[in-house]
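Here is the structure we will look at.
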Amino acid sequence: MSPSVPLQEMIRAIRSARTQCEERGVIQRECAAIRAQFRQADNGGRSHNLAKLLYVHMLGYPAHFGQMECVRMIASPRYSEKRVGYLGAMMLLDEKQDASLLITNSIKKKVHDLGELFAPAARSLLSEKNHGVLHGAVVLITELCERNPETLERFRKTVPDLVQIMKGLVISGYSPEHDVAGISDPFLQVRILRLLRILGRNNEAASDAMNDLLAQVATNTDSTKTVGNAVLYETVLTVLDIKSESGLRVLAVNILGRFLLNNDRNIRYIAMTSLQRIVGTDHNAVQRHRGTIVDCLKDQDASVKRRALELSLALVSATNIRSMMKELLLFLSSCPPELKSQAASGIFNAAERYAPSQRWHIDTILHVLTTAGGDVRDETVPNLIQLITNTSELHCYTVHKLYRALLTDISQQSLVQVACWCIGEYGDLLLRGECQETEPVQVTEDDVLDALETVLQSHMSSPATRGFALTATMKLSTRITDNVDRIRSIVSIYGSCIDVELQQRAVEYNALFKKYDHMRAAVLERMPVIEKNSPGHTNGESTKEAVKEIQPAKVKQAETLLPQQPTNQVCDLLDLLGGSEEPLQPNSAAGSTVPVLPISTSSTAGGDLLDLLGGLEPAPLTPAVTVYEKGGVTLTLSSEKQSDSGLMVTLTASNSTDSDISSFTLQAAVPKSVQLHMKAPSGDFLPARGAAKVTQMVVLNNPNKVNLKMRIRVSYTSQGSAVQDTVQVDSFPEH
Amino acid sequence: MIRFLLLFSRQGKLRLQKWFTPLSDREKKKVIRDMTTLVLPRPPRSSNFLQWRDLKIVYKRYASLYFCVGLEEQDNELLALEVLHRYVELLDKYFGNVCELDIIFNFEKAYFILDEFLLGGEVLETSKFAVGATMEEADTLQETMEEYMSKRAY
């Protein structure tokens with residue numbers, strides 16, 4: 001007896017309950033009744049009760065007390081009860097996780113053996129006429145082939161049979177039983193195509209056998225309805241996956257192109273999904289449709305947008321980078337929030353790989369930071385800083401742009417951090433007020449300090465950002481002239497800040513003002529260029545470390561290094577020159593200096609420090625003169641005239657002994673009126689037997705045209721012992 | 001294969017749930033919650049396909065009911081739309097002009113029809129008439145009250 005009437009009454013009662021509370025009351029009463037009935041002996045209502053219980057379960061209420069009843073009902077000879085019992089078992093017994101897990105596990109173990117059993121049976125089933133059976137057979141064979149490569153080999157022989165069946169379906173007349181909108185049994189067709197895909201993959205012979213069929217299906221299928229498109233879709237996937245001939249591949253890609261232009265969003269979505277799969281292999285074919293894909297970025301639908309974004313990022317190449325980036329940036333400003341971070345990181349990667357110029361690269365990154373600053377990854381900040389330091393000619397431009405961005409909006413943390421860092425480093429360029437690349441802004445020192453203070457005090461700034469701002473303020477103390485007191489007061493205020501990191505920095509900077517004022521200039525010089533770990537590849541970790549090292553917080557490190565600075569040694573050296581008291585280079589506040597520390601403090605060997613004196617045409621080099629030769633170490637000197645009073649001297653050292661020399665350093669001193677700048681050496685390691693040389697450049701400025709002399713002290717470690725020697729150069733080879 | 005099939009109303013009330021893989025009760029509830037939150041707010045003319053975890057979700061709205069399936073990676077989404085349509089046609093044939101109320105009050109019949117059409121996450125019977133014929137046969141086997149009471153219950 002069908003359990004309809006009492007069940008329907010209960011359903012009506014539940015539905016008429018107006019509040020959740022009422023509903024729960026009704027359900028509790030019903031459940032109590034059901035439980036009572038289950039406990040009783042058999043009556044006419046068992047299937048009704050179980051059906052009621054299933055309804056209650058579907059609404060989400062607990063129904064586990066019906067499980068035993070299900071088992072009993074399955075065993076009943078009454079058909080109605082059996083039916084409902086099985087339904088109940090399927091729905092309620094799922095809760096018993098252990099039982100179902102055990103069942104599935106035991107089946108899984110036997111799959112391999114079962115496979116052996118079923119393979120011959122499946123083969124014979126392919127000759128069945130009944131579509132239902134045929135469909136089942138195809139599904140079975142697909143599963144067998146997917147799990148077991150040997151079975152796959154054996155079933156390759158069925159390809160001609162499958163092709164035959166498929167042809168029959170495609171050409172056959174109208175069959176009312178299986179017809180869907182003019183296509184005969186699309187379910188079966190799609191399954192056969194899928195099986196053909198698996199069989200034809202990586203196999204020439206099988207692929208050849210199905211070429212004709214696939215071409216026929218692709219051309220003859222009516223694509224006005226979804227059904228037709230479903231079959232075409234499967235065909236395209238098959239063609240692209242097997243070893244098909246090129247004509248067929250072109251046909252497939254064209255079908256995808258047609259899909260892309262379809263009005264139906266679903267079709268466009270799956271077209272992009274399929275193109276994503278082949279963008280690696282048939283890149284040019286997909287490039288042809290780039291315009292349509294980029295248009296899909298503007299579609300309303302979120303799913304379509306996501307696909308379009310992924311595909312667009314895959315299509316970016318060196319030739320189309322500029323136009324693609326314009327579109328992508330436009331997309332970024334209006335894209336849904338869940339796609340923002342994916343878009344931002346995709347843009348960064350693309351910019352990294354294909355940037356046509358440095359300036360474009362910086363502009364792009366700045367644009368992304370202003371539109372989606374909150375969604376970028378943390379490594380963006382150090383990467384960007386590294387990029388900026390590498391492009392020395394654009395410092396002026398960059399700092400102007402960043403300053404303007406800072407004035408408009410201080411909520412995007414990454415942008416603010418980079419801006420603070422740049423203002424700290426290149427504040428002098430900002431204040432100078434002239435810039436070739438962009439409209440200069442007339443900025444006073446107060447304006448700059450105001451901007452940094454706003455960042456410091458704003459509640460929107462994260463602690464890291466405030467750290468950046470404080471250090472930038474400190475750095476400006478050497479680059480500006482008038483408001484040093486203001487900086488001093490800012491720094492001392494933060495000496496009692498609650499944030500421990502800020503407090504520590506402020507206290508140290510305070511100390512720098514008070515006790516170590518003579519070192520302040522040297523400590524707060526321009527940063528040297530940061531080395532990337534491997535070329536063209538931002539190794540997030542090490543650059544982070546490198547930046548962390550060089551980051552303003554490492555004023556401490558520089559401070560500790562400085563005392564090693566041989567101030568006394570230098571004085572000695574200079575004493576030897578007969579009383580010339582040229583102190584070793586306080587950096588002029590103009591900031592246009594190059595770090596002068598004779599010992600290279602940074603570990604960036606081999607990178608030329610920022611050379612703001614560059615741009616002068618170097619005069620041809622004079623021949624190298626050997627100025628020192630002792631203990632196997634040879635030092636040669638060559639010079640070139642830079643200007644009327646400027647001279648660029650190159651010192652080259654080589655090691656002809658049999659043992660390596662390490663910690664090789666040079667120090668130099670010149671007469672009083674001559675200015676000396678030593679650049680970082682190319683290294684401090686001299687391998688044995690002259691395998692490599694160390695060069696160091698020294699820039700001399702002799703405005704008074706005194707007689708040029710130079711005293712050079714050589715120090716190194718060889719075979720575990722330290723060696724020091726001095727040599728005087730009295731005459732310089734000149735033109 | 002199809003992992004699950006859900007039917008829910010526009011207010012998010014579940015009308016039918018069919019699971020083709022074993023899941024714990026908590027996981028099922030989570031899936032149902034996620035599906036309703038993903039599908040219901042979508043604007044009317046948007047694409048019928050979604051990505052959720054590692055599954056493709058295909059949904060279609062028929063009158064006041066949303067039919068939602070979760071597919072695996074290699075399955076054909078457009079064909080899944082056809083599967084849903086075929087199921088609705090079968091229901092329509094059986095109930096005669098089916099509406100949501102029919103499915104609410106005769107949910108066990110809806111399940112029986114589904115079990116004749118899909119098995120183990122795959123289409124079982126592609127013929128339109130075969131499923132209807134099987135249901136009719138099964139209904140004739142349902143006993144009347146006298147037959148019911150006269151059989152022994154064990």
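Where a number appears in this text, it was derived from the coordinates with a stated rule and is not lab data. Everything numeric here is computed off the predicted structure, so don't read it as measured data. We place every Cβ from the backbone using ideal geometry, glycine too, and count neighbours over all the protein chains shown.
Where does chain B land at 222 nm, in deg cm²/dmol rounded to the nearest 500, when only DSSP H runs of n ≥ 4 count, each adding -39500 (n - 2.57), divided by all residues?
-14500 deg cm²/dmol
Dividing the convex hull volume of the alpha carbon atoms of region A:142-208 by its residue count, what do you get in Å³ per residue?
Values: hull volume 5.8 nm³, N = 67.
Spread over its residues, the Cα hull of region A:142-208 gives 86 Å³ apiece.
Using the Cα centre as the reference, give the magnitude of the dipole from point charges on the C-beta atoms of region A:392-524 (Lys, Arg: +1; Asp, Glu: -1; all else neutral), rounded to the nearest 20 debye.
My answer is approximately 440 debye.
In the calculated pair distance distribution of region A:1-76, what percentage of Cα-Cα distances lie above 20 Å?
So the pairs more than 20 Å apart make up 27 percent of the total in region A:1-76.
In what sequence do A:Thr398, A:Thr454 fall when counting other Cβ within 10 Å, fewest first?
Fewest-to-most ranking of A:Thr398, A:Thr454: A:Thr454, A:Thr398.
Using a 10 Å cut-off on Cβ to Cβ distances, tally the other chain neighbours for every residue of B:74-87 and report the average as a whole number.
Mean number of neighbouring Cβ atoms from other chains: 6.
Over the alpha carbons of region A:625-729, what is the largest minus smallest coordinate on each principal axis, giving the biggest first in Å?
Projected onto the principal axes, the Cα atoms of region A:625-729 cover 44, 21, 21 Å.
In whole Hz, what ³J(HN,Hα) sequence does region A:259-270 give by Karplus (6.51, -1.76, 1.60; θ = phi - 60°), x for Gly and Pro?
Here the 3J(HN,Hα) series is 4, 4, 8, 5, 6, 6, 4, 4, 5, 5, 4, 6 Hz.
Give the average, rounded to an integer, of partner chain Cβ atoms located within 10 angstrom of each Cβ in B:121-131.
Averaged over the peptide's residues, the number is 6.
Could you compute Rg(Cα) / (2.2 N^0.38 Å) for region B:2-151, with N its residue count?
Normalised Rg, Cα atoms only: 1.11.
Tell me, how many Å apart are the Cα centres for region B:14-80 and for region A:44-70?
So the two Cα centres are separated by 26 Å.
Dipole size in debye (nearest 20) for region A:171-264 around its Cα centre, Lys and Arg Cβ +1, Asp and Glu Cβ -1?
So the dipole magnitude of region A:171-264 works out to roughly 280 debye.
Sort out for me the Cα centre separation of region A:158-186 from region A:338-377, rounded to whole Å.
51 Å
For the pairs B:Lys18/B:Lys60; A:Lys475/A:Lys515; A:Lys514/A:Lys679; A:Lys157/B:Lys56; A:Lys225/B:Lys128, note any where the Cα-Cα span goes beyond 24 Å. Please list the in-between numbers first.
Numbers: B:Lys18/B:Lys60 16 Å; A:Lys475/A:Lys515 17 Å; A:Lys514/A:Lys679 29 Å; A:Lys157/B:Lys56 33 Å; A:Lys225/B:Lys128 19 Å.
The answer is A:Lys514/A:Lys679; A:Lys157/B:Lys56.
Can you give the longest stretch of chain B with no exposed loop site, where a site means trypsin sites (Lys or Arg not before Pro) in a DSSP loop (not H, G, I, E or B) with at most 11 other C-beta atoms within 10 Å?
B:54-151
Which of A:Ser673, A:Gln642, A:Leu700 sits closest to the plus end of the dipole of region A:625-729, meaning its Cα is farthest towards the positive end, when Lys and Arg get +1 and Asp and Glu get -1 on the C-beta?
Of the candidates, A:Ser673 comes out farthest on the positive side.
Quick one: Cα convex hull volume of region B:89-128, Å³ per residue?
65 Å³
Neighbour counts of other C-beta atoms within 10 Å: give me A:Cys31, A:Cys335, A:Cys21 arranged from fewest to most. Display every interim value, and only then the final one.
Numbers: A:Cys31 18, A:Cys335 21, A:Cys21 8.
Least crowded to most crowded, the residues run A:Cys21, A:Cys31, A:Cys335.
How compact is region A:392-524 by the rule of thumb for globular proteins, expressed as Cα Rg over 2.2 N^0.38 Å?
Details: Rg = 14.2 Å, N = 133, 2.2 N^0.38 = 14.1 Å.
Normalised Cα radius of gyration, region A:392-524: 1.01.
For chain B, which DSSP H helices look membrane-span-like by this rule: Cα extent along the axis of 18 Å or more and mean Kyte-Doolittle of at least -0.5?
Working: long enough: B:25-39 (21 Å, -0.93); B:77-95 (27 Å, 0.40); B:128-141 (21 Å, 0.14).
Both cut-offs are met by B:77-95, B:128-141.
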